[in-house]
Amino acid sequence: MSTLLQINASLAGAEGQSSRLAHRFVADWQAQHPGDHVIMRDLASDPVPHLTAERFQAFLSQPEARTAEQRVVSEYSDALIAELKAADTIVFAVPMYNFSVPSTLRAYFDHIARAGVTFRYTATGPEGLLKGKKAYVFITRGGFYADAADTQTPYLKQFLGFLGITDVKFVFAEGLGMGEETREKSITAAHSAIGELLPRAA
């Protein structure tokens, strides 16, 4: 049995356009993998705390030297990482906010990027420790940025690759704030792209 982890970063939760695209993909995935396990993490209804100096120090402290408060912080991070490690497939629903990914997603990343746990430093450079996973990223934007000011895709590729996740596919729905006709055309194209992501059963 395989496991899929879906991470929604839209402020609108399940109603966000990126979340809807991710849900469509997960529904297709479940149809092809009946009985497999799906984990849902919604960063709107259950946000990860933003990183502070105190939280970061908890990660750096040796387990035996942590205070009670630091143990709570590190155990929370450990649980997020265990959830991620258990997943064979990770699905991200990512809207664009102010030319970047949502801050809630950055907070999540800050809690799962831990030296010696999800990556390590070697004599030849950093090595990601979350290898062998597939990731699908569904990005929605009010304007058109794919050929110009796309800061999201390079960042997500770099961050996931840093953790060892290099098999990453992207689906975009752009121009959602540029009128109903443009919006519907873009969403239809994104759904069409989703239909091509999973291999069809013979």
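In table form, for the structure just shown:
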quantity: Heavy-atom accessible surface of the range 1-102: percent carbon and sulfur, 1.4 Å; calculated: 56
quantity: Of PRO126, ALA93, TYR145, farthest towards positive along the dipole that unit charges on Lys, Arg, Asp, Glu beta carbons give the range 43-182; calculated: PRO126
quantity: DSSP-defined antiparallel bridges as percent of all bridges, the chain, nearest 5; calculated: 15
quantity: Charge sum, other residues only, whose C-beta stays under 12 Å from MET1's C-beta, Lys/Arg counted +1 and Asp/Glu -1; calculated: -2
quantity: Between helix 68-86 and the chain: long-axis angle, C-alpha atoms, 0 to 90°, nearest 10; calculated: 40
quantity: Equivalent-ellipsoid semi-axes of the range 88-134, from the Cα gyration tensor, Å, largest first; calculated: 24, 14, 10
quantity: Reduced Cα scattering model of the chain, Debye log10 I(q)/I(0), q = 0.10, 0.11 Å⁻¹; calculated: -0.45, -0.54
quantity: The range 73-161: mean projected area of Cα convex hull, nm²; calculated: 6.8
quantity: Rounded to 5, percent antiparallel among DSSP beta bridges of the range 1-100; calculated: 10
quantity: Candidate aspartates and glutamates - alpha carbon under 18 Å from LYS133, same-chain residues fewer than 8 apart omitted; calculated: ASP36, GLU83, ASP88, ASP167
quantity: Tilt relative to the chain, helix 17-32 - C-alpha long axis, 0 to 90 degrees, to 10; calculated: 90
quantity: Per residue solvent-accessible surface (Å²) - the range 77-202, probe of 1.4 Å; calculated: 49
quantity: Quotient of C-alpha Rg and 2.2 N^0.38 Å, computed over the range 123-202; calculated: 1.34
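The values are calculated or read from the model by the stated rules, or taken from the named source; none is laboratory data. All of these numbers come straight from a predicted model, not from anything done at the bench. A quick note on method: Cβ atoms are made from the backbone with ideal geometry, for glycine too, and the neighbour counts reach across all protein chains shown. The area values use the complete protein model at the heavy-atom level, side chains included, leaving out ligands, DNA and RNA. Shrake-Rupley method; radii C 1.70, N 1.55, O 1.52, S 1.80 Å.
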